[in-house]
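All remarks here apply to the structure that follows.
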Amino acid sequence: MTTAESSASPSGKSITEHELEQTGRTPVVFVHGLWLLPSSWDRWAALFEEHGYVALTPGWPDDPETVEEAVEHLEVFAGKSIGQVADHFETIIGGLDQKPAIIGHSFGGLLTQILAGRGLAVASVAIDPAPFRGVLPLPISALKSGFPVLGNPANRERAVPLTYDQFRYAFANAVSEAEAKDLYEQFAVPTPGKPLFQAAVANLNPWTEAKVDTKNPDRGPLLIISGEKDHTIPWAIANASFQQQQDNPGVTEITEMKGRGHALTIDSGWREVADTALDFVKRFTANRR
């Protein structure tokens, strides 16, 4: 299992071993979203390490290490909340010897903003980030993407897999049928239902865990990346998150990746997105590596 004590890097080393080897290099913490595992970041982590960073890909609490294990033991995903996962990552970051850059996708993008809002990031990149309290747009495509979970209230405490057709619509609508099937087999795992329910009612619940401190001056620079064809987190949601984040005195930017869907971090065009994130992180860590 991937835990705070043994979160694997691309080389298979734990965070503790990585810390011993940092020698001043800036760490980059990658945060995956729903229906994916830390392995979805393997190519990104290798790229960032090639550019002098220490790449860390910790999982959510009790994440299985492989897709095969996840399919066999889907019960381990059930019941995880946004607050629980955010606190888990804060504990991991607290064990590092310097502030990391944080990069997250989908619900990992929401978690990235939560962690940055706690003052834990030297810079952060939120890719197709899930909405937080104050983000109001709710496009039909986002509702359809979330329906496999939100369509049944009992799913709040369950782990929920996607069928191929559901994955094709929510993640892989902007790639070929053949690539979509490959991505589904290679990456798709069950997901906890609770975070989706938390985000869905965030604007009705003043005590929601799906909230971000957008005004903290220690938030650090933030880039939001949006996929033009994303069904799950369309531009309207990503841009509304950007508008909320402009309350911050720090650098806040947004960019749209043309022709890209929600699978933009794992599909065949991943490198363009990774280079965009890498260039942004480099701007604010050049003197730390």
Those residues of region 236-258 which are of a type in the set (Asp, Glu) and part of a loop (DSSP other than H, G, I, E, B), in sequence order: 247
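Rundown of residues vs (1) among the polar types (S, T, N, Q); (2) under 22 Å from residue 174 (Cβ atoms); (3) touching a Ser or Thr at 6+ places or on another chain (Cβ under 6 Å), yes/no style:
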position	(1), (2), (3)
237	no, yes, no
244	yes, no, yes
251	no, no, no
256	no, yes, yes
264	no, yes, no
267	no, yes, no
271	no, yes, no
274	no, yes, no
284	no, no, no
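Identify all residues within region 185-235 that are within 20 Å of residue 148 (Cβ to Cβ), part of a loop (DSSP other than H, G, I, E, B) and in contact (Cβ under 8 Å) with a residue 40 or more places away in the chain; write none if there are none. Even if it seems obvious, please write down each step before you answer.
First pass over region 185-235, keeping only residues within 20 Å of residue 148 (Cβ to Cβ): 185-202, 210, 227, 229-234.
Going one step further and asking which of them are part of a loop (DSSP other than H, G, I, E, B), we end up with 188-190, 193, 201, 210, 229-234.
Across region 185-235, the qualifying residues are 188, 189, 190, 193, 210, 229, 230, 231, 232, 233, 234.
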Test each condition in (1) part of a helix (DSSP H, G or I); (2) in contact (Cβ under 8 Å) with a residue 12 or more places away in the chain; (3) not aromatic (Phe, Trp, Tyr) for residue 143 and report the one that comes out false. (2)
Among the residues of region 225-241, is any open to solvent by less than 10 Å² (accessible area, probe 1.4 Å), closer than 25 Å to residue 88 by Cβ, in contact with a Leu (Cβ under 8 Å, 6 or more places away or on another chain) and not β-branched (Val, Ile, Thr)? no
For the structure I just gave you, tell me whether residue 284 is out of contact with any helix residue (DSSP H, G or I) (no Cβ under 8 Å at 6 or more places or on another chain), within 25 Å of residue 118 (Cα to Cα), part of a helix (DSSP H, G or I) and open to solvent by less than 40 Å² (accessible area, probe 1.4 Å). no
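Report, by residue number, each residue of region 136-171 that is aliphatic (A, V, I, L, M) and either in contact with a strand residue (DSSP E or B) (Cβ under 9 Å, 6 or more places away or on another chain) or over 22 Å from residue 199 (Cα atoms) (or both). Quick ask: steps written out before the conclusion?
If we filter region 136-171 for residues that are aliphatic (A, V, I, L, M), which is where we start, we get 136, 138, 140, 142-143, 149-150, 154, 159-160, 162, 170.
Residues satisfying the conditions are 149, 159, 160, 162.
Among the residues of region 252-271, which ones are touching a strand residue (DSSP E or B) at 6+ places or on another chain (Cβ under 7 Å) and surrounded by fewer than 20 Cβ atoms within 10 Å (Cβ to Cβ)? Spell out how you get there, then give the answer.
Let us first name the residues in region 252-271 that are touching a strand residue (DSSP E or B) at 6+ places or on another chain (Cβ under 7 Å), namely 252-257, 260-262, 264-265.
Within region 252-271, 252, 253, 254, 255, 256 meet the criteria.
Does residue 180 fit the bill of being in a helix (DSSP H, G or I), touching a residue at least 12 places away in the same chain (Cβ under 8 Å) and either open to solvent by less than 20 Å² (accessible area, probe 1.4 Å) or touching a Pro at 6+ places or on another chain (Cβ under 8 Å) (or both)? If you could, list the steps in order and put the result at the bottom.
Numbers: in a helix (DSSP H, G or I): yes; touching a residue at least 12 places away in the same chain (Cβ under 8 Å): yes; either open to solvent by less than 20 Å² (accessible area, probe 1.4 Å) or touching a Pro at 6+ places or on another chain (Cβ under 8 Å) (or both): yes.
Yes; evaluated as a whole, the condition is true for this residue.
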Matching residues in region 108-126 (of a type in the set (Val, Ile, Thr) and farther than 16 Å from residue 88 by Cβ) number 2
Selected residue (only one of 171, 187, 197, 167 is hydrophobic (A, V, I, L, M, F, W, C), modelled with pLDDT of 95 or more and surrounded by fewer than 21 Cβ atoms within 10 Å (Cβ to Cβ)): 197
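The values are calculated or read from the model by the stated rules, or taken from the named source; none is laboratory data. It should be emphasised that the depicted structure is a prediction, and the values quoted were computed from it without experimental measurement. Methodologically, a virtual Cβ is constructed for each residue, glycine included, from the backbone with ideal geometry; neighbour enumeration extends over all protein chains shown. Calculation scope for accessible area: heavy atoms of the full protein, side chains included, ligands and nucleic acids excluded. Shrake-Rupley method; radii C 1.70, N 1.55, O 1.52, S 1.80 Å.
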